[in-house]
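The values are calculated or read from the model by the stated rules, or taken from the named source; none is laboratory data. Values in this document were obtained by computation on a predicted structure and should not be read as measured data. Here the Cβ positions follow ideal geometry from the backbone for every residue, glycine too, while neighbour counts run over all protein chains shown.
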Amino acid sequence: MAPIISIRNLTKTYANGFQALKGIDLDVVKGEILALLGPNGAGKTTMISIVCGIANPSGGQVMVGGHDVVRDFRATRSMIGLVPQELTTDQFETVWNTVSFSRGLHGKKPNPAHIEKVLRDLSLWDKKDNMLRQLSGGMKRRVLIAKALSHEPDILFLDEPTAGVDVALRKDMWQVVEKLRQAGVTIILTTHYIEEAEEIADRVGVINGGQLLLVEEKKALMAKLGRKQLILELTKPLEALPESFVGNGLSLAADGNRLIYEFDAQNEQESIASLLTRLGQEDIHFKDLSTQQSSLEDIFVALVGGAK
């Protein structure tokens, strides 16, 4: 199956010489949720702006649904919905008119039933006759999302959609995202809330310094790069780790009451069963044990930190 978005050797250099994108290659398949993670200034918004036709690339090519985003702007733009970071709305227009007008801008015939569904899904129905200036910041963010969905796009870009908004909106947003996924909509998400990416994304891309460091299936990424810890609560504290255990991933907590065994999920230095047997032979006993695994945030910090 051909990707719905195909990016090849994409570059962007601004007039002041700043190189925002440095040869990005990326394919996005229909119906997936891709989370793009990266620090401020990494190039996430620049890349989205080029795919959406808001900015021109300096080099490379972007294809959306088989159309070039530069040559076939109208065809590609009609396929895309964008929720930008900035709250850009006409403050003296009503919610209903704003969302309906956005549908018309994309060349779609009026469809009041669809507009009503979008507003209800985003808990905006009771605000449909309110002017935007009467809404809270969180409600205005909901209107941006409604505008992006007004023309029934095949692809939805969410550029930090829940930054600085209330928990209720975030919950509503992800419920809408799940419904869109089920309907076959392709979703590209940038977020600073890495736990959101960990919860809903199929694949994760990490951008830093204008370069795409990796794109991996979320589960595969966490299995490959995540580390696990086995934590043993000792029955009595140790003053030091026995010599025979030094260098095999085992360490003693500062208080002497816990042993921590760090191991690769894919490649354990020593099987846990063997480790526990050896501890028993050394008369080291534990009263409780637990395991924990690196989060996506741990992996992200390690990748970005290592790329500096």
Output yes when any residue across the stretch 97-107 is of a type in the set (A, V, I, L, M), farther than 18 Å from Thr190 by Cβ and part of a helix (DSSP H, G or I), and no when none is.
yes
Outside the structural domain of Gln85 (by TED's automatic domain parsing), surrounded by 14 or more Cβ atoms within 10 Å (Cβ to Cβ) and of a type in the set (Lys, Arg), is that true of Arg258?
yes
Would you mind stating whether His114 is touching a helix residue (DSSP H, G or I) at 6+ places or on another chain (Cβ under 6 Å), of a type outside the set (Ser, Thr, Tyr) and under 23 Å from Gly65 (Cβ atoms)?
no
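What residue, of Val70, Val62, is out of contact with any helix residue (DSSP H, G or I) (no Cβ under 7 Å at 6 or more places or on another chain), under 19 Å from Ile4 (Cβ atoms) and not in a helix (DSSP H, G or I)?
Val70
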Tell me which residues, restricted to the stretch 1-33, are under 18 Å from the mean Cα position of the chain (by Cα), under 23 Å from His192 (Cβ atoms) and surrounded by fewer than 22 Cβ atoms within 10 Å (Cβ to Cβ).
Leu26, Glu32
So, in the stretch 55-100, exactly how many residues are touching a Pro at 6+ places or on another chain (Cβ under 9 Å), closer than 20 Å to Thr13 by Cα and surrounded by fewer than 19 Cβ atoms within 10 Å (Cβ to Cβ)?
1
Going by the conditions given, is Gly137 on the phi > 0 side of the Ramachandran plot and surrounded by fewer than 17 Cβ atoms within 10 Å (Cβ to Cβ)?
no
Test of understanding: among Gly247, Gly306, which residue is modelled with pLDDT under 85, under 30 Å from Gly41 (Cβ atoms) and of a type in the set (Gly, Ala, Ser)?
Gly306
Identify the residue in the stretch 37-59 that is hydrophobic (A, V, I, L, M, F, W, C) and in a loop (DSSP other than H, G, I, E, B) and, among all such residues, is nearest to Ile188 (Cα to Cα).
Cys52
Here the residues within the stretch 62-97 that are free of Cβ contacts under 8 Å to residues at least 60 places away in the same chain and either of a type in the set (Gly, Ala, Ser) or outside the structural domain of Leu158 (by TED's automatic domain parsing) (or both) are Ala75
Only listed residue being in contact (Cβ under 8 Å) with a residue 40 or more places away in the chain and in the same structural domain as Ser102 (by TED's automatic domain parsing), chosen from Ile54, Ile48
Ile48
Residues of the stretch 207-220 being in contact with an Asp or Glu (Cβ under 9 Å, 6 or more places away or on another chain) and crowded, with 17+ Cβ neighbours inside 10 Å, in sequence order, are Leu212, Val215, Lys218
Taking the conditions exactly as written (touching a residue at least 12 places away in the same chain (Cβ under 8 Å) and closer than 15 Å to Lys147 by Cα), does Gly59 satisfy them or not?
no
Return a yes/no flag: does the stretch 26-36 have any residue that is in contact with a Gly (Cβ under 9 Å, 6 or more places away or on another chain), of a type in the set (Val, Ile, Thr), in a loop (DSSP other than H, G, I, E, B) and touching a residue at least 60 places away in the same chain (Cβ under 8 Å).
no
